[in-house]
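Quick note: the coordinates plus some simple rules give every number you see, no bench work behind them. These numbers were taken from a predicted model, which means no experiment stands behind them. In this analysis, Cβ positions are derived from the backbone assuming ideal geometry, glycine residues included, and neighbour counts consider all displayed protein chains.
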């Protein structure tokens with residue numbers, strides 16, 4: 001090996017030695033995660049959270065989710081009837097569509113929390129519960145009371161064209177009472193027009209009123 005070749009080989013080794021000395025003095029370039037938390041970027045899309053005050057449990061996020069990571073469970077037989085919306089972060093791809101398409105714009109939010117490793121998949125579930133509004137004739141699910149109340153507030157004075165929204169708004173103001181509930185031992189009639197009804201039963205009531 002001649003002098004030129006030895007010099008050529010020595011230079012990279014000296015650079016490597018210099019880098020090693022810097023690493024010993026300054027410490028590693030990488031973070032100490034998971035021993036110490038490593039904060040994510042402000043715009044990072046991590047684990048989703050429901051906002052109890054702003055989520056109306058309309059179910060729109062479940063319909064828009066591309067990975068089917070959000071489930072909607074209606075339990076009309078409970079007292080009171082309940083709708084449960086559950087996020088499964090183990091199936092979530094963190095695309096942010098649920099937040100972007102949220103009806104109220106604040107019902108669900110993707111946080112910066114990204115450490116989701118667990119041996120228990122149930123730990124990846126986040127749920128929210130809201131009371132359902134049921135049809136007073138057939139007992140079918142209309143939506144949640146929070147959803148109807150939000151629509152009523154959004155429409156303002158225009159809600160008075162829809163008896164279901166009127167009664168929902170009045171119920172939120174405690175202007176209606178359980179004593180005003182419909183009796184099921186009487187046939188459909190004019191008095192049922194001002195009731196909380198599903199679209200099918202409202203059509204039946206209107207047809208009965210118009211055509212007998």
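A few notes on this one:
- Only Cα pairs under 8 Å and 6+ residues apart enter the sum, and on that basis the relative contact order of the chain stands at 18 percent.
- Degrees, to the nearest 10: 163-172 long Cα axis against longest axis of the chain: 70 degrees
- The angle separating the long axis of helix 145-155 from the principal Cα axis of greatest extent in the chain is about 80 degrees.
- R0 of 45 Å, Cβ-Cβ distance residue 207-residue 100: FRET efficiency to nearest 0.05: 0.65
- Here the calculated FRET efficiency for residue 54 and residue 122, from their Cβ-Cβ distance with R0 = 22 Å, stands at 0.30, rounded to the nearest 0.05.
- Potential lengthening of the chain between residue 129 and residue 114 amounts to 3.0 nm, from the contour at 0.36 nm per residue minus the alpha-carbon distance.
- In the chain, the longest principal axis of the Cα atoms and the axis of helix 199-211 are about 20 degrees apart.
- Sequence-separation-based contact order of region 40-134, relative, with Cα cut under 8 Å and 6+ spacing, percent: 42 percent
- Answer label, with log10 I(q)/I(0) by the Debye sum over Cα atoms at q = 0.09, 0.10, 0.16 Å⁻¹ calculated from the coordinates and candidates (1) -0.45, -0.54, -1.15; (2) -0.55, -0.63, -1.09; (3) -0.33, -0.41, -1.11: (2)
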